[in-house]
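Take a look at the structure set out below.
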Amino acid sequence: MSKILIIEDEASIRKVLAEIISDEKDLKAEVEFASDGKQGLSLLEQNQYDVVFCDVKMPGIDGMEVLKRAKESENGAAFIMISAHGTTELAVDAIRLGAYDFLQKPPDINRLLITLRNALDRTELVKETSALRKKVSKKYEMTGTSAALMEVQKIIEKAAPTDARVLIMGPNGSGKELVARALHEKSPRSSKAFIEVNCAAIPPDLIESELFGHEKGSFTSAIKQRQGKFELADGGTIFLDEIGDMSLSAQAKVLRALQEKKITRVGGDQDINVNVRVVAATNKDLRKEIAENRFREDLFHRLGVIVVNVPPLSERKEDIPLLVQRFLDEIAKEQGTKPKAIEKGALKALEKHPWPGNIRELRNVMERLMILGGDPIIIDDINKYL
C-alpha cells in the first residue's frame, strides 16, 4: 500500500485532497496529514512516504523550506507542491529544489490524479532501481578478511571518492573486476554508467571503433553513426580490462582521451568532450611490455596514478572458507536448491590446493561439487572432482 502525506494548513484543502485520493480505489493509498511545515518535517523524519502533497504558503516553516530540508536529508518521496498563488518562477524554483511537480489551487482533479499516479510510478521505479543496485553491489562485493585483501580494501576506500585513474594488476581470476566495481560503487559517479571493455576480446581493427565510436561510412560495415564506450560512459566510469592487449594505435588515442578529455570518432573530425573516470586492469607485467615496445610508457604512467595489486588466491588462503560458503549459497540460489554442507576435512583439502585459476577456479569447483558431490561434501568428493 502506498503512503501519502498531505502537508497543508487549511483543513478544508486537506479534506478535499484526501477524498479525491480515497475515491480512487485502485490507488490503495494510506493518507496522513500535517497542519504545518514543522509537523510535516517531523512526520518525514519518522516515516517513509511515497508521495508528499505540500502547500507552499504556510505559517512558520513554508513549503519550499520543507522541500529543501527533505531533499537535503535524501528523502525519497516525490513532492507535489500546491499553491493558490503559483507563478512560473515559483514552479521553476520548486522543480529546481527537487519537486516532482507543481499544482495550482484549487487543483484540477484529472490533472491531480494523473500527476499522483505518475509520481507513484516514479517512486516505485526508484525503489526497484535501488533494490537492483543493492543486489548488483552484493554480487560484486569482495569476500574475505585476510591481510592481503584488507590492504586492497584500504586503497579502494581512499581512492574511490576521487577521480584518480586506477591501474589494477593481478593474475587472471583473482577478482580485478570486483575492485573496479567497488571503485565505481563507492564513488560520486555511482549513479552513472559503469562501462566495461575487454580489450583482449575485441579484434585490433575494431578496438578504436568500440572505444571511440565511428561515423557512418567510415569503413565498409559502418552503415550508421555509432557512439563508442567513452561516450556511453560519460559522467561515469569506463573499465578497460586486459589493457595490456590493446594495440599501440588504440593506446595513443586512449592517451589523448586521458590528457585532453576529448575523443574523436573513427572517420570523424569533430572533438567530443568526455567526462569519464578510467580504471584499467591487466594480468601482464606492463614494465616488461614497455621494454619490448608493446605498451606505451606514457600511457602506463597516465593510467597508474593509483596502482592496486590484487593478490592471487594462494596468498590469501585464509579467505577460502568464507569464499566457499558464499559460493555454496550463491549456486544453491541459482539452482533453486538448498546449500550443501561441507566437512572440515574437505575444506582443509581446498585450502591446500594451489589454485592456479584463483577465485574463478574455486567457484567452478564449488559449482561442480554442488552438482556432483554429496551432502555434506566430503574429502572423497574433493579428491574426485577437484
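Nothing in this text is a laboratory measurement; each read-out follows from the coordinates by a stated rule. Everything numeric in this text was worked out from a predicted model, so none of it was measured. Using ideal geometry, Cβ is built from the backbone for each residue, glycine included, and neighbour counts are taken over all protein chains shown.
Brief remarks on what is shown
- Förster radius 56 Å - calculated FRET efficiency between Gln46 and Leu232, Cβ distance, rounded to 0.05: 0.85
- Mean-position separation - Cα centroids, region 281-344 and region 148-192, in angstrom: 12
- Cut-off 16 Å (backbone N to label point 7 Å along Cα→Cβ of Asn275), residues of region 175-189: 187-189
- Rounded, prolate or oblate (a/c below 1.5 giving rounded, otherwise prolate when a/b exceeds b/c) for region 142-212 by Cα gyration tensor: oblate
- Shape category assigned to region 193-248 from the gyration tensor of Cα positions, a/c cut at 1.5: oblate
- Take the Cβ atoms of Ala11 and Ser247, set R0 to 56 Å, and the FRET efficiency comes out at 0.20.
- Percentage of interatomic Cα-Cα distances in the chain larger than 36 Å: 49
- For region 75-221: relative contact order, % (alpha-carbon pairs under 8 angstrom, 6 or more apart): 15
- By the beta-carbon count within 10 Å of each Cβ, the least crowded to most crowded order of His184, His353, fewest first, is His353, His184.
- Rg(Cα)/(2.2 N^0.38 Å) for region 2-136, N = residue count: 1.00
- Global geometry of region 140-311, whether rounded, prolate or oblate, following the gyration tensor of its Cα atoms and the 1.5 cut on a/c: prolate
- Computed log₁₀ I(q)/I(0) - Debye formula, equal Cα scatterers, no solvent, region 231-386, q 0.08, 0.09, 0.17, 0.19 Å⁻¹: -0.41, -0.49, -0.92, -1.04
- Of all DSSP-defined beta bridges confined to the chain, some 5% are antiparallel rather than parallel.
- Cβ-derived FRET efficiency at R0 25 Å, Asp163 paired with Lys38, nearest 0.05: 0.05
- Ranked by how many other Cβ atoms sit within 10 Å of their own Cβ, fewest first, the residues Ser73, Ser35, Ser209, Ser174 fall in the order Ser73, Ser35, Ser209, Ser174.
- Order of Asp381, Asp121, Asp62 - criterion: other Cβ atoms within 10 Å of each residue's Cβ, fewest first: Asp121, Asp62, Asp381
- Here each label is just a point 7 Å from Cα along the line to Cβ, and for Ile223 and Lys25 those points are 5.3 nm apart.
- Distance cut-off 14 Å, percentage of C-alpha pairs in region 314-385 lying past it: 54
- Alpha carbon convex hull of region 232-293, projected area averaged over orientations, nm²: 4.7
- Extension gain (nm, one decimal) between Thr88 and Asp108, 0.36 nm per residue minus Cα-Cα: 5.5 nm
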